[in-house]
Amino acid sequence: MGLLKEKIWPWRCWCLVLVCLVNLAWCPAQALAGRVLEMVRDNKTMRVGVSGVLPGFSHKDETGKWQGLEIDLARAVAAAVLEDPGKVTFVEVTTANRFPLLLADKVDLLLRNTTYAFNREAAMGLRFANIYFFDGQAFMVPVASPVQTLADLNGTTIGYMRRTTHEQTIADFFQAKGWTYHGLPVETLVELRENLLAGRCQVITADRGQLAALRLQAPGGPQAWRILPEVISEEPLAAVVRAGDEEWLLVVKWVIYALIKAEEQGITQANVREMLAKPPNPSFQRFLASDGLSEKTLSLKPGWVLRVIEAVGNYGEIYERHFGPTTPLALERGPNRLGKDGGLLFSPPFR
């Protein structure tokens with residue numbers, strides 16, 4: 001798996017964004033249509049931007065193998081497009097360079113804890129696929145900290161990541177409360193954790209899922225760190241592609257929907273072949289076999305849904321594998337449950 005070695009400084013990142021936006025403005029939409037899918041097939045690999053340092057989402061295990069929910073989503077797309085979930089090149093990206101690298105064609109797909117937000121889609125030349133994880137901004141302190149509630153944050157030094165939705169949200173939240181804080185912005189999650197450990201800040205803020213992953217890697221383990229129960233925002237995480245390629249956006253979107261639909265119908269990695277051979281009703285057969293219409297529309301070879309489920313399982317299986325009660329993170333699904341179970345995830349009809 002290839003990793004991106006070159007470091008792009010923040011000011012260069014935003015210059016690159018501007019250049020890419022100008023180029024996109026001059027490119028006719030039809031010239032971009034289908035280009036990414038064709039390029040991925042020509043290259044025989046799909047380049048996916050990931051964090052690489054967040055257990056549960058994307059990281060390397062002790063054997064050097066990539067693991068995480070976002071890793072499995074990438075493998076699902078590769079199974080549909082390249083007929084092989086292993087044909088993915090994971091590229092470690094930061095909050096500062098993730099969008100410039102995507103816009104500059106250095107990655108084909110971004111799966112890096114990225115919040116679906118208006119300005120990003122409307123003004124940056126990006127397009128978001130469907131939401132795959134509902135999160136919220138929270139705060140973490142050492143277990144011995146006197147901070148117990150959000151009100152105790154008034155006057156504290158708070159660490160956060162630059163160029164994230166967290167930066168603006170915390171400013172708005174404190175202003176509305178009439179509270180003050182000293183911000184300590186950083187570029188990487190490692191710096192965020194290290195500043196808390198070194199006492200340069202009393203609290204750090206990020207998505208709850210990110211905080212849960214960070215405390216796994218901190219001295220003393222999860223029991224030494226406390227995540228405050230309150231959240232101050234909604235952070236819907238979604239896959240990101242470049243604007244102008246509707247076909248590629250549709251492929252990514254419907255692969256993720258297929259994972260959700262499979263869980264809704266009780267189709268698992270273990271029983272998917274049986275469900276195809278003996279479907280409970282005709283809709284199962286159409287869904288798993290992927291009738292001709294979906295192949296013509298998405299330019300995917302027959303059986304792409306079957307390949308996806310065989311490769312990674314359904315959404316619930318993926319979640320349990322990386323966040324379930326038997327994992328170190330043990331995150332309750334909460335809003336990431338299916339709609340029929342009281343959550344927010346559901347799939348539109350496959351017909």
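Just so you know, all these numbers are worked out from the coordinates, no wet-lab data involved. Computed from a predicted structure; not experimentally measured. We place every Cβ from the backbone using ideal geometry, glycine too, and count neighbours over all the protein chains shown.
Tell me which residues come under 5 Å, amide H to amide H, from D135 once H is placed; ignore anything under 5 positions away on its chain.
Those qualifying (amide H under 5 Å, at least 5 residues apart or on another chain) are E235, L237.
Where in region 309-334 is the amide nitrogen less than 20 Å from a point lying 7 Å along the Cα-to-Cβ axis of K278?
310
For region 107-113, just list the computed ³J(HN,Hα) in residue order, Karplus coefficients 6.51, -1.76 and 1.60, θ = phi - 60°, integers in Hz, with x standing in for Gly and Pro.
Karplus-based 3J(HN,Hα) across region 107-113 equals 9, 8, 8, 10, 10, 9, 6 Hz.
Which FRET efficiency value, to the nearest 0.05, is calculated for A218 and L344 with the Förster distance at 25 angstrom and r the Cβ-Cβ distance?
0.25
When the chain is treated as a GNM, springs tying every alpha-carbon pair under 10 Å, which of T205, T327, T188 comes out with the largest mean-square fluctuation?
It is T327.
Taking 0.36 nm per residue of sequence separation and subtracting the Cα-Cα distance, how much length would be gained by fully extending the chain between A144 and F118, in nm to one decimal?
Working it through step by step, the gained length comes to 5.5 nm.
Cα to Cα, under 30 Å, and not fewer than 8 places away if on the same chain: which lysines meet these conditions relative to K301?
Result set, ordered by chain and number: K44, K65, K87, K106, K253, K261, K278.
Per residue of region 38-50, what does 6.51 cos²θ - 1.76 cosθ + 1.60 with θ = phi - 60° give for ³J(HN,Hα)? Whole Hz please, x for Gly and Pro, Karplus curve as stated.
Couplings: 5, 5, 4, 5, 5, 7, 6, 7, 10, 8, 10, x, 9 Hz.
With each pseudo-label sitting 7 Å past Cα toward Cβ, what's the E191-A151 distance in nm, one decimal?
In this crude label model, E191 to A151 measures out at 3.5 nm.
Can you check how the C-alpha radius of gyration of region 137-233 compares to 2.2 N^0.38 Å, as a plain ratio?
Output field value: 0.96.
Given axes a ≥ b ≥ c from the Cα gyration tensor, I'd like to know whether region 186-232 is rounded (a/c under 1.5), prolate (a/b larger than b/c) or oblate. Walk me through the intermediate numbers first.
Working: a/c = 1.43, a/b = 1.13, b/c = 1.26.
Rounded, because the longest to shortest axis ratio a/c is under 1.5.
Do you know the relative contact order of the chain, to the nearest whole percent, from alpha carbon pairs under 8 angstrom that are 6+ apart?
21
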